[in-house]
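> This is the structure I want to talk about, given as structure tokens.
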Amino acid sequence: MSSRTRTQLISDIFSLTQAGFVEAKYPLSLIKYMSKEFDYLPWNTLLVNRINFYIDILESTEYYGEFKAYMASLAEPYYKKLGWIENKEKDEWVDR
């Protein structure tokens, strides 16, 4: 399946959820595969255009911490592949 097709599936299922046609659990289930996704377009669509719907809903609930942990677990392999290592002692941007 192409990157564009995966991106469209993400976009479509989140749109259907926002419109009330699909239960909110289905987009979260679909994006489980994102821990294996290394293409830019699906990640960009998810993080820039779609996930804010869930953030807005869950931010003031007790489930927000679990949601953040879930999203972090999906993104962790991508950060590791990019070589992102957080080191606050050596990171010059922390001091700015």
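The values are calculated or read from the model by the stated rules, or taken from the named source; none is laboratory data. Here the structure is a predicted model, which is why all the values come from computation and not from measurement. The accessibility values were calculated without ligands, DNA or RNA, using every heavy atom of the protein model including side chains. Shrake-Rupley method; radii C 1.70, N 1.55, O 1.52, S 1.80 Å.
> With a 1.4 Å probe and every protein chain kept in, tell me what percent of the accessible surface of the chain is carbon plus sulfur.
Using a 1.4 Å probe with all protein chains present, the chain comes out at 55 percent carbon and sulfur.
> Given the -39500 (n - 2.57) contribution per DSSP H run of 4+ residues, what per-residue ellipticity at 222 nm results for the chain, rounded to the nearest 500 deg cm²/dmol?
Taken over the chain, the calculation gives -16500 deg cm²/dmol.
> What is the diffusion coefficient of the chain in µm²/s, taking the Kirkwood radius over Cα pairs and the Stokes-Einstein relation at 4 °C with a viscosity of 1.567 mPa s?
88
> Leaving out ligands and nucleic acids, and using a 1.4 Å probe, what accessible area per residue does the chain come to in Å²?
It amounts to 74 Å² per residue over the chain.
> Quick one: what are the phi-derived ³J(HN,Hα) couplings along the range 29-45, Karplus 6.51/-1.76/1.60 with θ = phi - 60°, whole Hz, x for glycine and proline?
Whole-Hz 3J(HN,Hα) from phi for the range 29-45: 6, 4, 7, 4, 5, 4, 5, 10, 8, 10, 8, 5, 4, x, 5, 4, 4.
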